[in-house]
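This report concerns only the one structure given below.
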Amino acid sequence: MNNVNIKIAGNAPVGAESGARVPRYIHDLSDIKQIPEEELERLNKVASSFSFRATDYYLELIDWDDPDDPIRRLIIPHLGELDDRGDMDPSNESAVTPLHGVQHKYPDTALLLVNNTCAAYCRYCFRKRLFAEDNSEVNNDIDIGLAYIKDHPEISEILLTGGDPLLMSTRRISGFLLQISKIPHIKVLRFGSKTPAFNPWRLSGDPELADCLREFALSGKKIHLMTHFDHPRELTSQAVNEIGLYRDCGVIVLNQCPVIRGVNDDPEVLAELFDRLSWAGCAPYYLFVCRPTKGNEMYSVPIVEAHTIFHLARKRLSGLSKRARLVLSHSSGKIEIVGVDDERIYMRYHRAKDPADSERFAIFKRDDSAKWLDDLEEI
Ligand code: SF4
């Protein structure tokens, strides 16, 4: 490994020095003048159950003349969220949480919940429980998670998530990177982040962040940024520019997103998203089936339909754009949906919690209404 020279950055507001746009966070729906007064009361009722937050930049992407606008659907509360079906922890993450803020499901990968907020809140979020006032799953004390990781030499990858790790101060991020760079068995650090979509000036406005990412990438360890673009309209010129800047810092950029009803459940839209991501240097990696999270019923798409949309989108794509896998992130593992015929659904464990399931091929009776693995009968 090369010598690492990560400096702890200062604590200046992001973008303040460079003249980059600094996002304004909107927490109150009544600040959005396009929402009619009579609608506010209903939507505030939803927001009191599932938090609302957006950036002014992201709200500008909405076409308010279109009641079905996909960006609006992604970010503005909807009465349909009050449907009580679902679970607040649909993948049973609590079962793989050995320590506060640390998840360890697969031997080689540890996940650190380092932040309990995002630049904006996706309405279909499967971890929306973290944004509730009484939730304390996130651990701001990195030392506890790092001590656990140091004691587990089988861990070679760390995923920083939450919430959104790129919302942390650059000082905190550089502190993480410095500590992680000293753990010899860690080879890869992943950031799971939608900040490039919600605030595409995070990196361009912060040369210190660029410096510390570059230093870490030069250390011999790899940084992957797992972006979260759901719709081609999120790929503005500023967002594409931001992706390029991460790549210039030596960061490998990949995208993962769910299939969301009314946002990207159309093969043409999905194909355009995958194509444009690929051209931007951000390879499509995972396409998820929506987890059965409380409040998400209206956003979810049945498994068979999701497979059809994915299949039809792939038909329109070149090889480089069709690298994504369609998967379910189930409590038993990450399971790829590899095919559907008249009677059956075919899946394979891509990652398995139980080593006995590793790469296991599984066949289920076809059920077009099933939205989750637990709704299917294995044959
Ligand atoms: S960015 Fe990710 S964690 Fe944050 S609200 Fe959206 S889906 Fe949830």
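Points to keep in mind about this one:
- The one condition in (1) at pLDDT 95 or above; (2) closer than 21 Å to K194 by Cα; (3) surrounded by fewer than 21 Cβ atoms within 10 Å (Cβ to Cβ) that W64 fails to fulfil: (2)
- Contact map, the stretch 267-281: residues that are farther than 14 Å from A239 by Cβ paired with residues that are surrounded by fewer than 18 Cβ atoms within 10 Å (Cβ to Cβ), Cβ distance under 6 Å, separation 6+ or inter-chain. Pairs shown: P267/L312; A271/R316; S278/L320.
- Test result for I379, β-branched (V, I, T) and open to solvent by less than 70 Å² (accessible area, probe 1.4 Å): no
- Residues in the stretch 223-242 that are outside any loop (DSSP other than H, G, I, E, B) and within 20 Å of H307 (Cα to Cα): P232 only.
- Taking (1) farther than 16 Å from V251 by Cβ; (2) open to solvent by 10 Å² or more (accessible area, probe 1.4 Å); (3) within 16 Å of the ligand (Cβ to nearest atom) in turn, D230 satisfies each apart from (2).
- Residue satisfying condition, being more than 16 Å from the ligand (Cβ to nearest atom) and hydrophobic (A, V, I, L, M, F, W, C), within set V102, V138, V114: V102
- When every residue of the stretch 35-54 is checked against the conditions, at least one turns out to be assigned to a loop (DSSP other than H, G, I, E, B), modelled with pLDDT under 95, farther than 22 Å from I260 by Cα and open to solvent by 20 Å² or more (accessible area, probe 1.4 Å).
- Subset of the stretch 150-168 [within 16 Å of the ligand (Cβ to nearest atom) and hydroxyl-bearing (S, T, Y)]: T161
- Test for G192: is it within 16 Å of the ligand (Cβ to nearest atom), modelled with pLDDT of 95 or more and out of contact with any Phe, Trp or Tyr (no Cβ under 9 Å at 6 or more places or on another chain): yes
- Pair list, Cβ < 6 Å and 6+ apart or interchain, from the stretch 112-140 residues that are part of a loop (DSSP other than H, G, I, E, B) to residues that are near the ligand (Cβ under 7 Å from one of its atoms): N116/G162; N116/G163; T117/G163; C118/G163; C118/D164; V138/G162
- Test: D141 is acidic (D, E), in contact with a helix residue (DSSP H, G or I) (Cβ under 8 Å, 6 or more places away or on another chain) and on the phi < 0 side of the Ramachandran plot: no
- Considering (1) away from the ligand (no atom under 12 Å from the Cβ); (2) within 30 Å of P207 (Cα to Cα); (3) crowded, with 20+ Cβ neighbours inside 10 Å; (4) not basic (K, R), the lone condition that E81 does not fulfil carries the number (2).
- Residue that is outside any helix (DSSP H, G or I) and free of Cβ contacts under 8 Å to residues at least 60 places away in the same chain, where the choices are L254, L245: L254
- Among (1) within 16 Å of the ligand (Cβ to nearest atom); (2) more than 15 Å from the chain's Cα centre (by Cα); (3) on the phi > 0 side of the Ramachandran plot - the single one G220 does not satisfy: (1)
- Within the stretch 153-220, helices (runs of 4 or more DSSP H) holding 1 or more residues that are surrounded by 23 or more Cβ atoms within 10 Å (Cβ to Cβ) and among the polar types (S, T, N, Q): 170-181, 195-198
- Yes/no for P70 being in contact (Cβ under 8 Å) with a residue 24 or more places away in the chain and open to solvent by 40 Å² or more (accessible area, probe 1.4 Å): no
- Residue in the stretch 94-101 that is at positive phi and in a loop (DSSP other than H, G, I, E, B) present: yes
The values are calculated or read from the model by the stated rules, or taken from the named source; none is laboratory data. Computed from a predicted structure; not experimentally measured. In this analysis, Cβ positions are derived from the backbone assuming ideal geometry, glycine residues included, and neighbour counts consider all displayed protein chains. Quick note on the areas: whole protein, heavy atoms, side chains included, nothing else; ligands and nucleic acids left out. Shrake-Rupley method; radii C 1.70, N 1.55, O 1.52, S 1.80 Å.
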